[in-house]
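Since the structure comes first, as structure tokens, the remarks are kept for the end.
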Amino acid sequence: MAFEFFGENVLASMKLLKEKNIYPELTDCGPTLRFIQRMSNLIKAMNSKDIRNSLRADPNCPQNKILTDFLVYLESMHEISKTKHPYGPKSKKVVPQGTVVKQRKTKTSGQRIFVGAEDEITSDAFLGLYVTIRATLELVKYLCNEIGFQFLMTRRLNQDALEHFFGDIRTACGSGSHPDPLIFIQLYRLLSLYSLVKPPRGSNVSGGEIFEALVQLQDLERDKSQDNKEKVIKLIDSIVEESCIADSPESLGQFTPEMTSEKINEEALSLMAGYVSFKVKKMKPAKTCATCAESLVCPNSESPKERERLIEIKTHGGLLRPSDLVYGIILQVEPGIIHTTSQESIHTNTIFSILENIRDHAVFPATGCDEHHKSLISAIVTFYLTVRMHFICRDVNKETALRKKRNKNMAKMARLQTTLAPTVANNTATSIALFNNISSSLKFAEGNSEADDSVQQLQEAMMENEIAVAHRMNALEARLEARDRQYSELQQRHDELLHRYDELQQRHEQQQQCLEQQSQICTEPVARQQNASTERRDVGVQTKYVHCSVFNSEGSAPDCIIS
């Protein structure tokens, strides 16, 4: 949802509505547009999946600049969020005349508080964004400078691939979207086998004997959807063959069908026509014929039209401006789609109903060369119908899922009501019986004056019941007050214990210090004695024996030894 809101579609739509001044509320949405643009750039930089938009360690890389600038912006927002609102409830400043100070009510107390900068961003949000972006920048620096990477596709850092895998497993479960471990293992094995039987598009698997035996199409039963596809293509070709061909787009005005009360958005239709032109250029005959390819796109020399304003807002140099011929063809097809889908519900043969409406009203302009103009129109109509039916079916599936969810909740409520029905019925029956007794007593009292005693007894009983209820309410209030007092006493006791704990902690630290001092005092004499004994032992070793030798003139042995 956040990716959709901070996407380019929302940004382009708001810009277009602001320029056309359709909604007065969007006249001063400039700061909002800048914020959405900043968030959109951040999302694209953190989800790059191709080399062109990859993240690099070079500071001049566009994605690197986006992340660095967002860190600076985030830090400034965090600094602003720390400051208090200048005109808050505790501020002594006088609000200048003309200054708008927004207020809102709290959910708990209902008091009005000032909405200032301190409500802009929380510390948790700031820390999460800051750590994520900073870690990404440090990671790309390490990979490029130390490991030798050239770039980093940041989409590989998220867990979307794992979520998509579990989504495929849950989709394969059918109605049971919460598989247990055993079912998960079985589905994983089945999907692994399926990936071998049906290789992905663009794979480099060559046909072998085993592979051909597994995927031999002629051995399989012919699919009904393939038959319907061929029928649709043949029907479109016949419609193009039978329909009138206008000489120029200007002559389409008198043939444009007024089959729907809904106004067609020209900007959105032009954007869709540009996408159709981009795709049809890669198909035959535009792929092989230069004249047909040129007829699909508006020349660059022509100035942009008013209906192409949305293309100018959304483009980054890759969107095409459709020619008037392609726009005219799509303008003939779209009313038939709107008319059919608004008149009947979507079913298997909806596409055939749409084609019948197109057959009755469509007038196509001549597009491309004389040789290929009919096949080119058929390719444009076929591709546009395919895209439109894809979006229509997607919306129908969303509505069906919501309806199933509502029905499931209603079934739960029905089971709950069935469970509680006996209790409610008993209480209701008791109340009805009491009401009937009171009503009959009152009617009897009105018709018979001798029943005053019965009415008085009934009133006394009701008064006694009211008194008993009042006593019970008073008792409950007294119990609540007693519990409040008990809670306050416990809280006070808790505070006293905390204070006592702090005192004991301080005493413990003081005793620890005293013990350390005493240990130092006790160890000093022992250390002195050890040092003194060591010194005496060293001196004794040096002076234990002193040998003095006195030699006579003949060099005989010593005469004495002096110790």
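The values are calculated or read from the model by the stated rules, or taken from the named source; none is laboratory data. Note that the structure is predicted; figures quoted are calculated from it, not measured. Cβ atoms come from the backbone with ideal geometry, glycine included; neighbour counts cover every protein chain shown.
Look through R483, R493, R472, R479 and report the one residue that is part of a helix (DSSP H, G or I), at pLDDT 85 or above and surrounded by 10 or more Cβ atoms within 10 Å (Cβ to Cβ).
Values: R483 fails: at pLDDT 85 or above; R472 fails: at pLDDT 85 or above; R479 fails: at pLDDT 85 or above.
Selected residue: R493, the only one of R483, R493, R472, R479 that is part of a helix (DSSP H, G or I), at pLDDT 85 or above and surrounded by 10 or more Cβ atoms within 10 Å (Cβ to Cβ).
So that you can scan it fast, the table gives a plain yes or no per residue for (1) modelled with pLDDT of 50 or more; (2) among the aliphatic types (A, V, I, L, M):
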site: N47; (1), (2): yes, no
site: R56; (1), (2): yes, no
site: C61; (1), (2): yes, no
site: S91; (1), (2): no, no
site: Q97; (1), (2): no, no
site: V101; (1), (2): no, yes
site: K107; (1), (2): no, no
site: D124; (1), (2): yes, no
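Regarding F35, is this residue surrounded by 16 or more Cβ atoms within 10 Å (Cβ to Cβ) and either touching a residue at least 24 places away in the same chain (Cβ under 8 Å) or not assigned by TED's automatic domain parsing to the domain that holds L269 (or both)?
Spelling it out, it is not the case that F35 is surrounded by 16 or more Cβ atoms within 10 Å (Cβ to Cβ) and either touching a residue at least 24 places away in the same chain (Cβ under 8 Å) or not assigned by TED's automatic domain parsing to the domain that holds L269 (or both).
The rows are residues; the columns are (1) among the small types (G, A, S); (2) surrounded by fewer than 18 Cβ atoms within 10 Å (Cβ to Cβ); (3) in contact with a Gly (Cβ under 9 Å, 6 or more places away or on another chain); (4) farther than 30 Å from K15 by Cβ.
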| site | (1), (2), (3), (4) |
| --- | --- |
| E302 | no, yes, no, no |
| L325 | no, no, yes, no |
| I329 | no, no, no, no |
| V333 | no, no, no, no |
| G336 | yes, no, no, yes |
| H390 | no, yes, no, no |
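Looking at (1) among the hydrophobic types (A, V, I, L, M, F, W, C); (2) closer than 27 Å to E267 by Cβ; (3) surrounded by 14 or more Cβ atoms within 10 Å (Cβ to Cβ), which is the only condition A45 fails?
Of the numbered conditions (1) among the hydrophobic types (A, V, I, L, M, F, W, C); (2) closer than 27 Å to E267 by Cβ; (3) surrounded by 14 or more Cβ atoms within 10 Å (Cβ to Cβ), the odd one out for A45 is (2).
Name every residue in segment 1-54 that is more than 15 Å from H316 (Cβ to Cβ), of a type in the set (D, E, K, R) and part of a loop (DSSP other than H, G, I, E, B), in order of residue number.
Residues satisfying the conditions are D28, K49.
So, S375, is that one over 17 Å from V240 (Cβ atoms), assigned by TED's automatic domain parsing to the domain that holds E230 and either modelled with pLDDT under 90 or among the β-branched types (V, I, T) (or both) or not? Walk me through how you get there before you give the answer.
Details: over 17 Å from V240 (Cβ atoms): no; assigned by TED's automatic domain parsing to the domain that holds E230: yes; either modelled with pLDDT under 90 or among the β-branched types (V, I, T) (or both): yes.
No.
Name the helices (runs of 4 or more DSSP H) wholly inside segment 292-407 in which the number of residues that are without any contact (Cβ under 8 Å) to a residue 60 or more places away in the chain, closer than 30 Å to S40 by Cα and more than 36 Å from the chain's Cα centre (by Cα) is 3 or more.
Working: elements: 309-314, 324-343, 350-361.
Qualifying helices (runs of 4 or more DSSP H): none found.
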